[in-house]
């Protein structure tokens with residue numbers, strides 16, 4: 001069984017100069033419930049299906065299983081997601097011993113930029129770069145699954 005422990009932040013500065021890699025991502029959600037999501041994603045030339053559990057009682061740890069699938073299958077699955085697709089460019093930025101994944105959103109989520117850092121444990125320390133803004137870990141509004149149904153450009157507050 002796989003796990004994911006990550007912290008999320010808004011981005012308030014220039015991170016692109018420090019990025020060592022970038023990729024285009026298109027993803028959608030085949031199923032969303034209070035306990036889990038099933039995501040299909042095309043990341044550059046590869047495709048994946050991912051099952052994630054919801055975080056339990058405010059913990060950072062979530063169950064996660066990810067499997068590579070044929071790109072053609074992923075393209076067909078994404079058609080099932082209709083207008084609820086997420087499109088973004090991901091930049092990888094090394095900060096100390098960690099890699100931050102910085103997502104710059106397009107389409108209905110244009111203007112949103114979120115950084116995530118994966119950790120080995122919930123209390124692990126990590127360096128915070130200058131461009132890191134407020135932490136939004138645990139705020140469901142910033143989950144990609146939520147953004148697919150409630151795009152950032154439609155938020156009223």
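Would you say residue 68 is assigned to a strand (DSSP E or B), touching a strand residue (DSSP E or B) at 6+ places or on another chain (Cβ under 8 Å) and loosely packed, with under 14 Cβ neighbours inside 10 Å? It is true that residue 68 is assigned to a strand (DSSP E or B), touching a strand residue (DSSP E or B) at 6+ places or on another chain (Cβ under 8 Å) and loosely packed, with under 14 Cβ neighbours inside 10 Å. For the range 1-34, the candidate set comprises residues that are outside any loop (DSSP other than H, G, I, E, B) and out of contact with any strand residue (DSSP E or B) (no Cβ under 7 Å at 6 or more places or on another chain); within that set, the residue that is nearest to residue 95 (Cα to Cα) is 17. Determine, yes or no, whether residue 37 is assigned to a strand (DSSP E or B) and touching a helix residue (DSSP H, G or I) at 6+ places or on another chain (Cβ under 6 Å). Judged against the criteria, residue 37 is a match. For the residues 143, 126, the requirement of being within 11 Å of the chain's Cα centre (by Cα) and either under 24 Å from residue 55 (Cβ atoms) or at pLDDT below 95 (or both) singles out 143.
Evaluation of residue 4 against the conditions (1) surrounded by fewer than 16 Cβ atoms within 10 Å (Cβ to Cβ); (2) touching a residue at least 24 places away in the same chain (Cβ under 8 Å); (3) closer than 25 Å to residue 129 by Cβ shows that the sole unmet condition is (1). Can you spot a residue in the range 45-56 that is exposed (fewer than 13 other Cβ atoms within 10 Å of the Cβ), more than 16 Å from residue 80 (Cβ to Cβ) and at pLDDT 90 or above? Yes, the range 45-56 contains at least one residue that is exposed (fewer than 13 other Cβ atoms within 10 Å of the Cβ), more than 16 Å from residue 80 (Cβ to Cβ) and at pLDDT 90 or above.
Would you check which residues across the range 40-65 are farther than 19 Å from residue 3 by Cβ and assigned to a strand (DSSP E or B) and list them?
Residues of the range 40-65 farther than 19 Å from residue 3 by Cβ: 40, 42-47.
Passing the criteria: 40, 42, 43, 46, 47.
The values are calculated or read from the model by the stated rules, or taken from the named source; none is laboratory data. This is a predicted model, so every value here is computed, not measured. Cβ: placed from backbone, ideal geometry, glycine included. Neighbour counts: every protein chain shown.
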